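Student: Below you will find the structure I want to go over with you.
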Amino acid sequence: VQLQASGGGLVQSGGSLRLSCTTSGIMFSIHVMGWYRQAPGKQRELVARITIGGITNYTDSVKGRFTISRDNAKNTVYLLMNSLKPEDTAVYYCNAVGGVATWSTYWGQGTQVTVSS
C-alpha cells in the first residue's frame, strides 16, 4: 500500500493551495482518509479527516478555511486550503485507515507547505 501526497509549495499569506493524495496497492475499503501536519519542533497534528460516508472533522484552526474531500472510486483525498496563514507552514501528511478483517493505518511521505507573510 502506498500513499503519494502532492500539491505543496510556497505561497503568500492569504493564498490557496490544493493538496492531493493518491493511493496504490489498496484492495479494501478505506474507511477514513485524512491530512495531518507537522511544523518544526512540534508534534504531528490532525488537520482534517473524512469518512467513506463523507463525514468530516477539522481542527479548529482551519475551520472555514480548509475543505477536505475524497473520491472513493479513486481512493484519493484532497485538501483545499484557502486563506493560508504563516502558521499553516508545515509538512502535510496524508493517511488512510482501512482493512478487511482488521484496520491498519497507512501514511504518505509528506508534502511541504510554506506560507510567507
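The values are calculated or read from the model by the stated rules, or taken from the named source; none is laboratory data. Note that this is a predicted model, so its numbers are computed, not measured. Here Cβ is always computed from backbone atoms with ideal geometry, including for glycine, and neighbour counts include all displayed protein chains. Protein only, heavy atoms only, side chains kept; ligands, DNA and RNA dropped before computing areas. Shrake-Rupley method; radii C 1.70, N 1.55, O 1.52, S 1.80 Å.
Student: Select from the range 41-56 the residues that are in contact with a Phe, Trp or Tyr (Cβ under 6 Å, 6 or more places away or on another chain) and in a strand (DSSP E or B) and write down the one among them that is surrounded by the most Cβ atoms within 10 Å (Cβ to Cβ).
Tutor: Going through the range 41-56, the residues in contact with a Phe, Trp or Tyr (Cβ under 6 Å, 6 or more places away or on another chain) turn out to be 44, 46-48.
Narrowing further to those that are in a strand (DSSP E or B): 46-48.
On the way: L46: 14, V47: 24, A48: 22.
Residue satisfying both the conditions and the ranking: V47.
Student: When the residues of the range 92-106 are filtered to those that are among the hydrophobic types (A, V, I, L, M, F, W, C) and under 10 Å from the mean Cα position of the chain (by Cα), which remaining residue is surrounded by the most Cβ atoms within 10 Å (Cβ to Cβ)?
Tutor: Restricting attention to the range 92-106, the residues satisfying the condition of being among the hydrophobic types (A, V, I, L, M, F, W, C) are 94, 96-97, 100-101, 103.
If we keep only those that are under 10 Å from the mean Cα position of the chain (by Cα) as well, we get 94, 96.
Values: C94: 29, A96: 24.
Filtering first and then ranking leaves C94.
Student: I'm trying to understand the selection: among the residues of the range 1-40, which are in a loop (DSSP other than H, G, I, E, B), open to solvent by 40 Å² or more (accessible area, probe 1.4 Å), at pLDDT below 95 and not aromatic (F, W, Y)? Write out each step before concluding.
Tutor: Filtering the range 1-40 down to residues in a loop (DSSP other than H, G, I, E, B) leaves 1, 7-8, 13-16, 25-29, 39-40.
After this cut, where a residue has to be open to solvent by 40 Å² or more (accessible area, probe 1.4 Å) as well, the list is 1, 13-14, 16, 25, 27-29, 40.
Narrowing further to those that are at pLDDT below 95: 1, 25, 27-29, 40.
Correct list: V1, G25, M27, S29, P40.
Student: Need pairs with beta-carbon distance below 7 Å; first residue at positive phi and within the range 9-37, second open to solvent by less than 20 Å² (accessible area, probe 1.4 Å) and not in a strand (DSSP E or B); sequence gap 6+ or separate chains.
Tutor: Close Cβ pairs (under 7 Å, with a partner that is open to solvent by less than 20 Å² (accessible area, probe 1.4 Å) and not in a strand (DSSP E or B)) amount to G14/L84.
Student: Also, quick follow-up: I'd like the full set of residues that are open to solvent by less than 40 Å² (accessible area, probe 1.4 Å) and in contact with a Ser or Thr (Cβ under 6 Å, 6 or more places away or on another chain), limited to the range 82-91.
Tutor: T89 - this is the single residue of the range 82-91 that is open to solvent by less than 40 Å² (accessible area, probe 1.4 Å) and in contact with a Ser or Thr (Cβ under 6 Å, 6 or more places away or on another chain).
Student: While we're here: Would you mention how many residues in the range 57-68 are on the phi < 0 side of the Ramachandran plot, open to solvent by 40 Å² or more (accessible area, probe 1.4 Å) and in a loop (DSSP other than H, G, I, E, B)?
Tutor: Here is the first cut: in the range 57-68, the ones on the phi < 0 side of the Ramachandran plot are 57-63, 65-68.
Checking which are open to solvent by 40 Å² or more (accessible area, probe 1.4 Å) leaves us with 57-58, 60-61, 63, 67.
When the remaining residues are screened for being in a loop (DSSP other than H, G, I, E, B), the result is 63.
Summing the residues that are on the phi < 0 side of the Ramachandran plot, open to solvent by 40 Å² or more (accessible area, probe 1.4 Å) and in a loop (DSSP other than H, G, I, E, B) in the range 57-68 gives 1.
Student: Just give me the residues in the range 69-93 being closer than 16 Å to I30 by Cα and either acidic (D, E) or not in a strand (DSSP E or B) (or both), in sequence order.
Tutor: D71, N72, A73, K74, N75
Student: Among the listed residues R65, R70, identify the single one that is under 23 Å from G15 (Cβ atoms), modelled with pLDDT of 95 or more and either touching a helix residue (DSSP H, G or I) at 6+ places or on another chain (Cβ under 6 Å) or of a type in the set (D, E, K, R) (or both). Give the steps one after another, and end with the answer.
Tutor: On the way: R70 fails: under 23 Å from G15 (Cβ atoms).
Just one listed residue meets the conditions, R65.
Student: Moving on to the next point. Of the conditions (1) open to solvent by less than 60 Å² (accessible area, probe 1.4 Å); (2) of a type outside the set (K, R); (3) in a strand (DSSP E or B), Q112 satisfies every one except a single condition; which number is it?
Tutor: It fails just one condition, (1).
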